[in-house]
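*Asks:* Got a structure for you, written out below as structure tokens; questions coming shortly.
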Amino acid sequence: MPLSAIGPRLILRRLRQVMASPQSAQDRLDEIVRVIATNMVAEVCSVYLVRAGDILELFSTVGLNPDAVHKTSLRVGEGLIGEIAARGRPLNLADAQSHPNFAHRPETGEDIFHSLMGVPILRNGRVVGVLAVQNETHRLYIDEEVEALETVAMVLAELIASGELIDPQEVHEGTFAQGIPPQMDGITFADGLAIGHAVLHEPRLEVMQLISDDEESETARLNEAIDTLRLSIDNLIESPFMGQEGEHLEVLQTYRMFAHDRGWVRRMIEAIETGLTAEAAVQRVQAANRSRMASITDSYLRERLADLDDLSNRLIRHLMGLDVAETVVMPDDAIVIARNLGPAELMDYDRDRIRGVVLAEGSPSSHMVIVAKAMGIPVIGQVAGIVGLVDPGDRIIMDGGEGEIYLLPTADIEDVYAERIAARKLLEQAYADHRELPAITRDGVEISLNINAGLLVDMDQLERTGADGVGLFRTELPFMVSETFPRLTAQKELYEGVLAAAGDQPVTFRTLDIGSDKVVPFIEQPREENPAMGWRAVRLSLDRPALLRYQLRALIQSAGGKALNIMFPMIADLPEYLRCKEIFDREMLRHKRLGYEAPSSVQLGTMLEVPALAWQLDALLPHIDFVSIGSNDLMQFLFASDRSNSLLTGRYDLLSPAALSFFKMIIDTCDRHDTVLSVCGEAASDPLEAMSLIGLGMRNLSMPPSAIGPVKEMVRSMDLAQVRSYVTTLLHSPDHSLRSKLRDFARDHGVQL
Ligand code: PEP
Ligand code: MG
């Protein structure tokens, strides 16, 4: 047995008896302190606990003056005990009193003790207290003693977490976040400000049984769980559905590497040898990993450590025999923390309770972000390590504009943000007050501003924003939240509801765009290497024509006596559109034959998301009434740059000579054919991009409701003729991006961005 295992083993056995005894929590703590002092041959052993306001209070001691208990306190960062808490690391000093940070506390009578060794009491990477031993002699404690004290501190953390010593609320509020940067940076995916409490999308596991004296069986359990873990990862990697390459596969390869890492396994077995259960041993090593993670700034290394954190959780799951996530308790102001999130998973959350989403990964033009924008909640992505650092219920501030989050913010920061949120509300109120004002440029050109919607509840936004209509109704969203295939009547009722809510304002329904990352539970989709370029949208609809036929039937029936506007997604060429049109015409004939009331007018169009279609517009346009550019997909196909791949975020710009020239070509062709053209991708919602597109000749924009106010403000401040002549001069420039030039132009010409 290694030396390190002897000390804690005896202590832990005694602690187990103490923890199980029926005494009060304070008596148990006092007893624990006595056990540690005796076994570690220390003249002093003390426990300080963090209380609200980041104060460390002496809770128990042997060796120091007992009258100082519950009286002596230090601020986090003050004195040696405060320094251990602030750094979240052990301190081992032969001569503590000569340390510059030594704080003299005469009431404790500690003047005669020279050596000091203290360790933070950590729970989920947070400091909840400090455990320290002292001796009169100038001795330096050996590494094994430091580790022994750390293991004991882990058990103490459980006693504290039980809430018997301090009210659980205070434990939570008062917990000092060791090593957690007060501010973390990510990338803004959806703008907005939010203050709320964290909800972990995948709840963290609570290990209840920490101590065991059956080392052999715990080691066997650990080995068995590691074998299962390795096997499950191998199976995943080798599964024929995984494909040959891709980001997901790289993550799994890293997992496999860690799962076979001998150092990791050895450290866990050593932890078991100190008297911990297998689960607690995994957590003990995980805690050390987390404290490393907190101090590492290199994002690649942080991500790898986050992978290891994930793997530890998987291992604990295997040990606990858990497969399913526990149910999440939702606060009223939930900020969901996840590694990544799909659109349907987001919609599973109660819309009234969710204030924002923070992701460790993710990409700004993913469909989840689109759904979040429709819900009006901010999303910040690519915040490395966030999942391991946040505890459920932590207070969080999200600054979507800056891409920053504040974890456990201080009262000052909360005040600043409460003010900013109030100011933003005022701004939104100002936008709402301007809802009657027309979107007309300074030189008198009217721009049609519309909203993107997807659920019936979104329709309220039409009135609130004063938009001209719904430029894109994503009909797949109701399908994604439904467990079963929505029947004809259910679809019809939904579309009737949408049209009734819109009144006289036009609504453009887009037929189902299922596939890629938009998964519906009741259609089995094959695993694809490139789902975004795969079996999705009309490709799926034309192969499963009943789906499209029923949807068109429901749309036609819902629009009796009203204007019906329909567009088809991902059309790649004219024949594809004609096949959709044929199905539509047949449904119209059936509708008439049955004697139902016909729509007052019908307009059919296509999305332009597949670049190839741009070169067949001359043939297509005579057949259709309008075109709407889906800039999200169009950009990913134009630049061969996956919109959901976080490694490519921001790499290519719509405000580039190539993309803008491409848009110009489409605009000019549609003008020649007198065909109405709009943009309904996210590009329309950014005032600078909207300004540039208007400069190129775009007159119709459709965007998330929250963008109407700022885009209208921009439109009313721009002079179209000036913008047009500037943008067109840039089209042949050699730049990668024209963003900064266009931003400078806007600033110099008083365009409000
Ligand atoms: C687009 O691709 O720009 C678009 C509007 O469609 P979606 O984002 O739903 O794919
Ligand atoms: Mg699209």
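*Asks:* Which value, in Å² and to the nearest 10, is the accessible area of residue 33 when all protein chains are kept and the probe is 1.4 Å?
*Replies:* Residue 33 exposes around 0 Å² with every protein chain in place.
*Asks:* Please give the solvent-accessible surface of residue 102 in Å², to the nearest 10, using a probe radius of 1.4 Å with every protein chain present.
*Replies:* The value for residue 102 is about 50 Å².
*Asks:* Counting only DSSP beta bridges with both residues in the chain, what percent are antiparallel, rounded to the nearest 5?
*Replies:* Percentage antiparallel, nearest 5: 55.
*Asks:* If you don't mind, there's one more thing I want to ask. Among DSSP bridges having both ends in the stretch 446-709, what percentage is antiparallel? Round to the nearest 5.
*Replies:* Bridges in the stretch 446-709 that DSSP calls antiparallel: roughly 5 percent.
*Asks:* Quick check: pseudo-label points 7 Å beyond the Cα along Cα→Cβ at residue 741 and residue 206, how many nm apart are they?
*Replies:* 6.0 nm
*Asks:* Ok, one more. Using a Förster radius of 41 Å, what is the FRET efficiency between residue 214 and residue 65 based on their Cβ-Cβ separation? Nearest 0.05, please.
*Replies:* 0.50
*Asks:* Okay, moving on. Over the C-alpha atoms of the stretch 446-709, what are the Rg and the largest Cα-to-Cα span, Dmax, in Å?
*Replies:* 17.6, 55
*Asks:* Starting from the alpha-carbon convex hull of the chain, give the projected area averaged over all orientations, in nm².
*Replies:* For the chain, the mean projected area of the Cα convex hull comes to 35.9 nm².
*Asks:* Just to confirm the number: angle between the C-alpha axis of helix 25-39 and the first principal axis of the chain, 0 to 90 degrees, nearest 10?
*Replies:* Taking Cα atoms only, the helix is inclined about 60 degrees.
*Asks:* Report the label-to-label distance for residue 224 and residue 456 in nanometres (one decimal), using points 7 Å from each Cα along the Cα→Cβ vector.
*Replies:* With each label placed 7 Å out from Cα toward Cβ, I get 5.2 nm.
*Asks:* Through the Karplus equation 6.51 cos²θ - 1.76 cosθ + 1.60, θ set to phi - 60°, convert the phi angles of the stretch 430-444 into ³J(HN,Hα) values in whole Hz; use x for Gly and Pro.
*Replies:* 4, 4, 5, 5, 8, 5, 7, 6, x, 8, 10, 6, 4, 9, x
*Asks:* Determine the shape class of the stretch 3-176: with a ≥ b ≥ c the square roots of the Cα gyration tensor eigenvalues, call it rounded for a/c under 1.5, and otherwise prolate if a/b is greater than b/c, oblate otherwise.
*Replies:* Taking the square roots of the gyration eigenvalues as a ≥ b ≥ c, the stretch 3-176 is rounded.
*Asks:* Which angle between 0 and 90 degrees, to the nearest 10, do you get for helix 545-558 versus the longest principal axis of the chain when only C-alpha atoms count?
*Replies:* Around 70 degrees separate the two axes.
*Asks:* Find how many whole Å separate the alpha carbon centroid of the stretch 621-659 from the alpha carbon centroid of the stretch 508-532.
*Replies:* A separation of 19 Å, based on Cα centres.
*Asks:* Please compute the contact order of the chain in relative form: average sequence separation of alpha-carbon pairs under 8 Å and at least six residues apart, divided by the residue count, as a percent.
*Replies:* Dividing the mean separation by the residue count of the chain yields 10 percent.
*Asks:* Just to confirm a number: summing +1 for Lys and Arg and -1 for Asp and Glu over residues other than residue 133 whose beta-carbon lies under 10 angstrom from that of residue 133, what do you get?
*Replies:* -2
*Asks:* Under a 5 Å amide H to amide H cut-off, with H placed in plane at 1.01 Å, what residues pair with residue 560 once short-range neighbours are removed?
*Replies:* Here nothing satisfies the definition.
*Asks:* Still on this structure: Based on alpha-carbon centroids, what's the gap between the stretch 535-587 and the stretch 334-370 in Å, whole number please?
*Replies:* 30 Å
*Asks:* Hey, quick one: spin label on residue 546, modelled 7 Å out along Cα-Cβ, who in the stretch 490-530 has an amide N within reach, i.e. under 16 Å?
*Replies:* In the stretch 490-530, the label zone of residue 546 (backbone N under 16 Å from the point 7 Å along Cα→Cβ) covers 522-525.
*Asks:* Taking a probe of 1.4 angstrom, what is the accessible area of residue 712 in Å², to the nearest 10?
*Replies:* Approximately 20 Å² of residue 712 is accessible to the 1.4 Å probe.
*Asks:* Local charge sum around residue 29 (other residues, Cβ-Cβ under 13 Å, Lys/Arg +1, Asp/Glu -1)?
*Replies:* Computed value for this residue: -4.
*Asks:* Also, quick follow-up: Give me the percent of accessible area attributable to carbon and sulfur for the chain, probe 1.4 angstrom.
*Replies:* 50 percent
*Asks:* Along the three principal axes, how long is the stretch 648-753 when you take its alpha carbons, biggest first, rounded to the nearest angstrom?
*Replies:* 33, 33, 33
*Asks:* What is the angle, in °, between the Cα long axis of helix 488-502 and the longest principal axis of the Cα atoms in the chain? Nearest 10 is fine, range 0 to 90.
*Replies:* The answer is roughly 80 degrees.
*Asks:* Another question about this same structure. For the stretch 259-275, just list the computed ³J(HN,Hα) in residue order, Karplus coefficients 6.51, -1.76 and 1.60, θ = phi - 60°, integers in Hz, with x standing in for Gly and Pro.
*Replies:* Whole-Hz 3J(HN,Hα) from phi for the stretch 259-275: 4, 9, 6, 5, x, 4, 5, 4, 4, 5, 5, 4, 5, 5, 5, 7, x.
*Asks:* Further, regarding this structure: Could you pull out every residue, at least 5 positions away or on a different chain, whose amide H is within less than 5 Å of the one on residue 199? Hs are placed 1.01 Å off N in the peptide plane, and Pro or chain starts have none.
*Replies:* Sorted by chain and number, the residues that satisfy this are 335, 336, 337, 393.
*Asks:* Might you tell me the accessible area per residue for the chain, computed with a 1.4 Å probe and given in Å²?
*Replies:* That works out to 42 Å² for each residue.
The values are calculated or read from the model by the stated rules, or taken from the named source; none is laboratory data. These figures come from a predicted structure and were not determined experimentally. Cβ coordinates were reconstructed from backbone atoms using ideal geometry, including for glycine residues, and neighbour counts include every protein chain displayed. Calculation scope for accessible area: heavy atoms of the full protein, side chains included, ligands and nucleic acids excluded. Shrake-Rupley method; radii C 1.70, N 1.55, O 1.52, S 1.80 Å.
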